[in-house]
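I have placed the structure first, in the form of structure tokens, so that the comments after it can refer back to it.
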Amino acid sequence: MKLLVLNSGSSSLKYQLFSMPDEIVLCSGIVERIGLSDSKYKHKSHKYSSEATVEIANHNQGLNYVVNLLLDEEFGVVSSIDEIEAVGHRVVHGGSAFKDTIEVTEEVKSTIESLIHLAPLHNPANLEGIKVSESVFTKALQVAVFDTAFHQTIPPKAYKYAIPNDLLDDHDVRLYGFHGSSHKYVSKRAIDYLGRNHSKIITIHLGNGCSMTAVENGQSIDHSLGFSPVNGLIMGTRSGDIDHSLIFYLINNLNYDLNEVNTLLQSKSGLLGLTGMSDMRDIEAGANKGNSLCQLALEMTAYRIKKYIGAYIAAMNGLDCIVFTAGIGENSVLMRQMVCSDLETFGIELDVSKNEQNSHEIKEINKESSKIKILVIPTNEELEIARQTYRLFSERL
């Protein structure tokens with residue numbers, strides 16, 4: 001059967017069409033920099049590949065662009081939309097309502113919409129992808145796969161906040177964790193690479209959104225994002241960790257209202273707030289040209305990641321492997337070098353020449369003398385979502 005995976009991010013739309021259960025990719029692509037004048041798309045199948053710079057204003061327009069590519073008379077991979085029997089959707093925040101993959105219903109969509117305030121940069125795009133998909137693929141099973149599911153194994157000592165108990169008991173206020181499909185996929189590949197199930201791994205997902213997970217014996221035990229995907233590492237437009245008293249200072253002393261504070265921390269902070277740019281590629285280019293703001297932003301980003309590495313080594317009482325993944329983690333030679341520098345006391349030694357080599361597979365970039373493996377593993381959230389979607393599809397047969 002043919003199964004389409006849609007991964008609607010805050011500024012991108014990834015897709016892959018699979019033949020299942022053999023997991024053959026019939027086509028794949030990405031629409032990125034959505035909302036900017038220089039949006040880009042890349043599309044690849046066994047008989048055609050194309051990429052171009054176009055102007056794509058929103059996710060709805062981006063998804064319709066994808067559909068046209070799938071159905072194109074000359075190079076499309078399906079002759080009818082009815083050939084696609086299931087569509088798996090990435091959904092960032094499932095709150096406490098969703099602990100596993102689920103078929104999309106009106107109630108599910110309503111619940112996802114009610115959780116938008118927890119993931120305002122992602123859940124709206126996820127939900128829009130579902131709605132547009134329903135209108136196009138009318139006979140397909142629509143499935144929601146939640147980023148929060150992988151982190152359900154985090155113990156109470158890590159997910160509970162030191163606030164009154166009733167906020168957890170009555171209102172589900174806790175750490176949830178995100179990018180679960182990515183962290184699950186790359187940690188499983190790292191375990192296979194290491195050749196042992198008993199392992200202590202730190203997975204570092206660096207994209208427009210960033211997060212880190214401590215993975216012990218294949219299970220998430222701590223994670224840098226929390227109740228919503230805004231804390232932790234410095235991100236494209238999100239602040240990461242701050243002193244929460246800053247929120248009250250902005251309101252009480254600088255006359256911000258709550259919506260303005262939320263917009264500031266979610267959409268105007270992070271790399272954008274530091275440099276005026278949210279794309280790491282642009283910031284690295286600026287740093288190379290001597291832009292001091294870009295240089296400092298890189299230093300701050302790497303420093304924050306290092307702090308979490310130290311914390312997770314302590315939490316797991318050791319470490320076997322560090323994994324870099326996602327757009328920045330897989331492609332930024334500079335960021336990996338900055339993160340791994342001066343960590344020899346932990347047994348982490350980067351091989352600079354290996355780090356500079358390109359690879360589309362698992363790449364080991366540590367020195368032979370390094371006690372800790374340093375791996376670059378291309379994430380494949382789409383394949384992980386396809387597997388979970390197919391499982392649910394098969395259970396319905």
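The values are calculated or read from the model by the stated rules, or taken from the named source; none is laboratory data. Note that the structure is predicted; figures quoted are calculated from it, not measured. Counting neighbours? That spans all protein chains shown, and the Cβs are built from the backbone with ideal geometry, glycine included.
So here's what we get for this one:
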quantity: Residue identified as over 26 Å from LEU118 (Cβ atoms) and without any contact (Cβ under 8 Å) to a residue 12 or more places away in the chain among GLU85, GLU73; calculated: GLU73
quantity: From the options LEU392, LEU350, residue that is surrounded by 17 or more Cβ atoms within 10 Å (Cβ to Cβ), closer than 22 Å to ILE313 by Cα and aliphatic (A, V, I, L, M); calculated: LEU350
quantity: Qualifying residue in region 82-95 (condition: exposed (fewer than 15 other Cβ atoms within 10 Å of the Cβ), not in a helix (DSSP H, G or I) and not hydrophobic (A, V, I, L, M, F, W, C)); calculated: no
quantity: Filter result for ILE309 (surrounded by 18 or more Cβ atoms within 10 Å (Cβ to Cβ), touching a helix residue (DSSP H, G or I) at 6+ places or on another chain (Cβ under 6 Å) and assigned to a helix (DSSP H, G or I)); calculated: no
quantity: Of residues in region 34-51 being outside any strand (DSSP E or B) and not basic (Lys, Arg), the one farthest from ILE328 (Cα to Cα); calculated: HIS46
quantity: Exclusive hit being among the β-branched types (Val, Ile, Thr), part of a loop (DSSP other than H, G, I, E, B) and in contact with a strand residue (DSSP E or B) (Cβ under 6 Å, 6 or more places away or on another chain), set VAL31, VAL77, VAL66; calculated: VAL77
quantity: Residue list for region 196-237, filter: in contact with a Pro (Cβ under 7 Å, 6 or more places away or on another chain) and either buried (at least 22 other Cβ atoms within 10 Å of the Cβ) or farther than 12 Å from LEU175 by Cβ (or both); calculated: GLY209
quantity: Qualifying residue in region 262-269 (condition: exposed (fewer than 15 other Cβ atoms within 10 Å of the Cβ) and on the phi > 0 side of the Ramachandran plot); calculated: no
quantity: Residues within region 42-59 that are closer than 19 Å to HIS89 by Cα and surrounded by fewer than 16 Cβ atoms within 10 Å (Cβ to Cβ), tallied; calculated: 1
quantity: Selection count where residues are under 15 Å from VAL376 (Cβ atoms) and of a type in the set (Phe, Trp, Tyr), scope region 165-219; calculated: 2
quantity: Condition broken by ALA326, with the remaining ones in (1) in contact with a helix residue (DSSP H, G or I) (Cβ under 6 Å, 6 or more places away or on another chain); (2) buried (at least 21 other Cβ atoms within 10 Å of the Cβ); (3) of a type in the set (Gly, Ala, Ser) satisfied; calculated: (1)
quantity: Elements of type helices (runs of 4 or more DSSP H) contained in region 314-397, each with 2 or more residues being touching a Ser or Thr at 6+ places or on another chain (Cβ under 6 Å); calculated: 381-396
quantity: Qualifying position, being free of Cβ contacts under 8 Å to residues at least 12 places away in the same chain and over 28 Å from ASP147 (Cβ atoms), among GLU344, GLU349, GLU395; calculated: GLU344
quantity: The one condition in (1) more than 18 Å from the chain's Cα centre (by Cα); (2) polar (S, T, N, Q); (3) closer than 22 Å to TYR159 by Cβ; (4) at pLDDT below 90 that ASN123 fails to fulfil; calculated: (1)
quantity: Residue satisfying all of: in region 1-40; within 19 Å of the chain's Cα centre (by Cα) and of a type in the set (Val, Ile, Thr); surrounded by the most Cβ atoms within 10 Å (Cβ to Cβ) among these; calculated: VAL5
